[in-house]
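Report on the structure given below.
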Amino acid sequence: MKSPLFLAPAALLFALAACNSQPKSPEVVDSNPDPMATQLANAAPVELPPAIKADKTMRCKDNSLVYVTFFDGDKQVFVKTKKDGTPTTLKAPAAGEAYVADGGWKLTGNTSNITLEQPGKDSLTCKA
């Protein structure tokens, strides 16, 4: 019969053998380095596009509809004159100023009331 005293040191040695003497942080082996790592680290920060603030269908004085998408930051809007039409992007130099686009587009106002100037057409006053 084996002595329980003989088994105790063996169990203790077995438990210590399972211990890891390595530091807790994992070892990182990079066998395939990123060739653009330095370029990405030195790249300028990327500005995300603004989130949609409001998407409005507006009725104008001439009984036409204008579809306007307002964005957070008050520096950009999309304008469509037909529901399935192509949007025109108008931008403001600073928040609170008129939104403009090439060709004579200009929009002033807010999510409730706007005045829209389009190339070759009369100015429209519209309400949401």
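No value in this document is a laboratory result; all are computed from the given coordinates. Note that the coordinates shown come from a computational prediction; the quantities given were computed from them, not determined experimentally. Don't worry about glycine lacking a Cβ; one is built from the backbone with ideal geometry, like all the others, and counts go over all protein chains shown.
A few points about this structure:
- Note on I52 and K82: the extension gain reaches 8.9 nm, defined as 0.36 nm multiplied by sequence separation minus the Cα-Cα distance.
- Within the straight-line cut-off of under 21 Å between alpha carbons, the lysines reachable from K121 are K61, K80, K82, K83, K91, K106, sequence neighbours fewer than 8 places apart in one chain being disregarded.
- Available extension along the chain between D62 and A101 is 11.8 nm, counting 0.36 nm per residue and deducting the alpha carbon span.
- Label sites at T108 and N32, each approximated as a point 7 angstrom past Cα along Cα to Cβ, lie 5.8 nm apart.
- Computing FRET efficiency as 1/(1 + (r/R0)^6) for D72 and K127, where r is the C-beta to C-beta distance and R0 is 35 Å, gives about 0.95.
- Among 45-55, 67-77, 111-121, the order from most to least packed when residues are scored by Cβ within 10 Å on average: 67-77, 111-121, 45-55
- Amide proton proximity set for A98, modelled H, under 5 Å, gap of 5+: none
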